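Where a number appears in this text, it was derived from the coordinates with a stated rule and is not lab data. These numbers were taken from a predicted model, which means no experiment stands behind them. Because the Cβ atoms are built from the backbone with ideal geometry, glycine has one as well, and the counts that use them run over all protein chains shown.
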Amino acid sequence: NAGVTQTPKFQVLKTGQSMTLQCAQDMNHEYMSWYRQDPGMGLRLIHYSVGAGITDQGEVPNGYNVSRSTTEDFPLRLLSAAPSQTSVYFCASSYLRQAPEAFFGQGTRLTVV
Amino acid sequence: AQRVTQPEKLLSVFKGAPVELKCNYSYSGSPELFWYVQYSRQRLQLLLRHISRESIKGFTADLNKGETSFHLKKPFAQEEDSAMYYCALSEDRGSTLGRLYFGRGTQLTVWP
């Protein structure tokens, strides 16, 4: 089972560059989300989606865009990378119901120089 | 407002010692509580959730609504328990089903 697949695993960007982090799941989960993980800050929600065509902002959405054209895919776009966006990014998916188990991708370690 | 608080960033114990990772929450409804674990260089994975009332890898957690706590406990820690542990909360309201609120995590180190 593939589960949640994130690409790339590692990325180095220059300040001002744009890029897209890819996330795909094959479990037919309605709910998908993006988190960033920073030391001492835990996991902070960037954006989330409860289904195709529906997205909403999380806790730290500035500088990021998302779209959900299909159930399977939920890409995260960095519009103009900044050093403050250096972080580890995780995509997660789950069923949209009470007490959902979230399945996480392997993470993308992004460095912005 | 922080819905989930993990007061300890770091926790170290020796192998065989009991371990307790603290988690407190703030929510007026009936939350669902979880513990997620991230071993070195691996993805986050669910360890246990309170509705299951099960013991996973020797860990248990009891939801105490009076103290709004969901502490994770293990009577005899093992070296392989060394990892980052996250407490998480899911609300019971329809508009936010699926959304998880995470604490800041506790890095557990078990010394030999």
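Both the radius of gyration and Dmax for chain A are 13.2, 41 Å, in that order, over alpha-carbon atoms.
Semi-axes of the equivalent ellipsoid for chain B, computed as √(5λ) from the eigenvalues of its C-alpha gyration tensor and ordered from largest down, come to 24, 14, 13 Å. Taking Cα centre as origin and charging only the Cβ of basic (Lys, Arg, +1) and acidic (Asp, Glu, -1) residues, the dipole magnitude of chain A rounds to 360 debye. Seen from A:E59, the other residues with C-beta closer than 14 Å to its C-beta sum to a net charge of +3, counting Lys and Arg as +1 and Asp and Glu as -1.
When you work out D = kT/(6 pi eta Rh) for the protein assembly as shown at 25 °C and 0.890 mPa s, using the Kirkwood radius from C-alpha pairs as Rh and the Stokes-Einstein form, the result is 136 µm²/s.
Rounded to the nearest 20 debye, the dipole magnitude of the protein assembly as shown is 420 debye, with +1 charges on Lys and Arg beta carbons, -1 on Asp and Glu beta carbons, and the Cα centre as origin.
Here r is the Cβ-Cβ distance between B:Q42 and B:K65 and R0 is 25 Å; the resulting FRET efficiency, rounded to 0.05, is 0.20. Taking all Cα pairs closer than 8 Å and separated by 6 or more residues, the relative contact order of chain B comes to 38 percent. Neighbour counts of other Cβ atoms within 10 Å put B:I51, A:I46 in the fewest-to-most order B:I51, A:I46.
One chain, two ends: A:E101 and A:V88. Fully extended at 0.36 nm per residue, the span grows by 2.6 nm beyond their Cα-Cα distance.
Averaging the sequence gap over all C-alpha pairs within less than 8 Å and six or more residues apart, then dividing by the number of residues, gives chain A a relative contact order of 35 percent.
Using the Cβ-Cβ distance between A:M27 and B:F14 with R0 set to 45 Å, the FRET efficiency from 1/(1 + (r/R0)^6) comes to roughly 0.70. Which of the listed residues, B:G98, B:Y27, B:S82, is farthest toward the dipole's positive end in chain B, when Lys, Arg count +1 and Asp, Glu count -1 at the beta-carbon? The Cα lying farthest towards the positive end belongs to B:G98. Per-residue extension of 0.36 nm, minus the Cα-Cα distance of B:E80 and B:T5, leaves a gain of 24.5 nm for this segment.
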